[in-house]
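For reference, the structure discussed in these notes is given below.
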Amino acid sequence: MNAYVKLAKAATEYFIRQRQVLPLKGALSPELARQRACYVYLYANPGHRLRTMYGEPFPRQTCLGQEIINHTVSALTRVTLPDIRRSDLPSIVYTVAVLEPLQRISDAAQLQPDHSGLYLRSDQGKSAIILPRRAGVDTAQDQIATAMRESGVNLHQDTITMYRFGVTYYE
């Protein structure tokens, strides 16, 4: 099991059992010590049905390890489906998506929906993020249309800026 996934699992189990945030102790590996944004997904197994997820396009903490812990707890406390209980823990499957830094782009030709995500932001403060491999989003035009719909951007009223970013998924 990957170190990111192990940390998300440990943070989940600690929070469910202790109702506290897992403390990040000891020296971190270089991978966990770097500052990166991430998303944490918790799936029910069997069936690989998404139970909850949380993340942000920009890092808020000084290290990825703390981002993973915080996003795991946020996913658990913001869940709209039934709460995850101790009895569910053995059947939870974890995915951690680690984002590369955002790169500003000028048009859809610079997107690859299978490999890069899209962060769209308007001059009115509306924004949306579309990660790669999202079901039903197969083309760059799909990514842009989905981001505009989710953000509520109206091109007649808003000016948009688009960014792409790489994502590595750890399972």
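The strands (runs of 3 or more DSSP E) falling completely within region 93-171 that include 1 or more residues that are within 18 Å of Tyr41 (Cα to Cα), touching a Ser or Thr at 6+ places or on another chain (Cβ under 8 Å) and among the hydroxyl-bearing types (Ser, Thr, Tyr) map to 160-170.
Yes or no: region 28-45 includes at least one residue that is touching a helix residue (DSSP H, G or I) at 6+ places or on another chain (Cβ under 8 Å) and over 25 Å from Leu131 (Cα atoms). For region 28-45, residues touching a helix residue (DSSP H, G or I) at 6+ places or on another chain (Cβ under 8 Å) and over 25 Å from Leu131 (Cα atoms): present.
For region 61-81, the set of residues classified as closer than 19 Å to Ser29 by Cα and either modelled with pLDDT under 95 or assigned to a loop (DSSP other than H, G, I, E, B) (or both) consists of Gln61, Thr62, Cys63, listed by residue number. In a residue-by-residue description of region 62-80, the property of being buried (at least 16 other Cβ atoms within 10 Å of the Cβ), without any contact (Cβ under 8 Å) to a residue 40 or more places away in the chain, among the polar types (S, T, N, Q) and touching a strand residue (DSSP E or B) at 6+ places or on another chain (Cβ under 8 Å) applies to at least one position. Remark: Gln124 matches the filter, which requires a residue to be of a type outside the set (Val, Ile, Thr), without any contact (Cβ under 8 Å) to a residue 40 or more places away in the chain and either out of contact with any helix residue (DSSP H, G or I) (no Cβ under 8 Å at 6 or more places or on another chain) or closer than 20 Å to Gly55 by Cβ (or both). No other residue among Leu76, Leu89, Leu64 is in the same structural domain as Pro23 (by TED's automatic domain parsing) and touching a Lys or Arg at 6+ places or on another chain (Cβ under 6 Å) apart from Leu64.
The values are calculated or read from the model by the stated rules, or taken from the named source; none is laboratory data. Here the structure is a predicted model, which means the values were calculated and not measured. Using ideal geometry, Cβ is built from the backbone for each residue, glycine included, and neighbour counts are taken over all protein chains shown.
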